[in-house]
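Here is the structure we will look at.
The values are calculated or read from the model by the stated rules, or taken from the named source; none is laboratory data. For clarity, every value in this text was computed on a predicted model and none was experimentally measured. All Cβ positions, even for glycine, are placed from backbone atoms using ideal geometry, and neighbour counts span all protein chains on display. These area figures cover heavy atoms from the full protein model, side chains too; ligands, DNA and RNA do not enter into them. Shrake-Rupley method; radii C 1.70, N 1.55, O 1.52, S 1.80 Å.
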Amino acid sequence: MRRWWLVLAVALLLAGPALAGEPVVASGQADGATAAWTLMARTPDGWTADCCTYARAIGVDAVVYRGEWSGEPQRVMVLNAWPAKLPSLDAELAADRSGYLHRDPTGRALSLPIAHPSMHCAANVYEGSDRVDDMVVFCDPGKASGIRFSWSMTLAADDGQRRALLDELLAVVRSTVYRRGATQPTAARH
């Protein structure tokens, strides 16, 4: 019995922060060979999910932010989805890393796997020469979906809440589920 509690405690620690906030829903219509899709996730408590106002204004599928929308990219979780064109998730990671290092040749990039309960995910972590860093987590819900997506967050290199913010981002990534077919998202509360 004691072992069961240990396994439960370890599982809870690995799960990251509890996601008690509102849902975030993003959908895309069928596009050629790609079927309509919906991505759903839970946000951390105190964060606001937006698919329809600020996200559309900046050309992404959804944003999740804490407090009031400032228009600044730092400390904002950004969801992007696109029809899969490259042959693999590794190819997506490599193309993104190559583009980043082309724009910032003195920046540094590190790739790492990200645990997800139902799909393959991996991240590129960028340390910019401008002291602004990015984590971009790419996920592949499977060949049949026809899409890939990413969650990303930009942070100042010296952000004192960096670890907690990245843990919250990873919790959102792990909570993201793919469903075939589009769902009409509800506008976020403002």
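For this structure, a couple of remarks:
- Cross-chain or 6+ apart pairs with Cβ under 6 Å, the stretch 151-175 first and farther than 14 Å from Asp134 by Cα, then open to solvent by less than 30 Å² (accessible area, probe 1.4 Å) and among the β-branched types (Val, Ile, Thr): Val173/Val137
- Scope the stretch 36-80; condition open to solvent by 70 Å² or more (accessible area, probe 1.4 Å) and under 12 Å from the mean Cα position of the chain (by Cα); matching residues: Arg42
- Leu93 outside any loop (DSSP other than H, G, I, E, B) and open to solvent by 40 Å² or more (accessible area, probe 1.4 Å): no
- Taken over the stretch 96-122, residues that are in contact with a Ser or Thr (Cβ under 7 Å, 6 or more places away or on another chain) and open to solvent by less than 50 Å² (accessible area, probe 1.4 Å) amount to 3.
- Pairs where the first residue, in the stretch 35-55, is without any contact (Cβ under 8 Å) to a residue 60 or more places away in the chain and the second is of a type in the set (Phe, Trp, Tyr), C-beta under 9 Å, 6+ apart: Tyr54/Tyr65; Tyr54/Trp69
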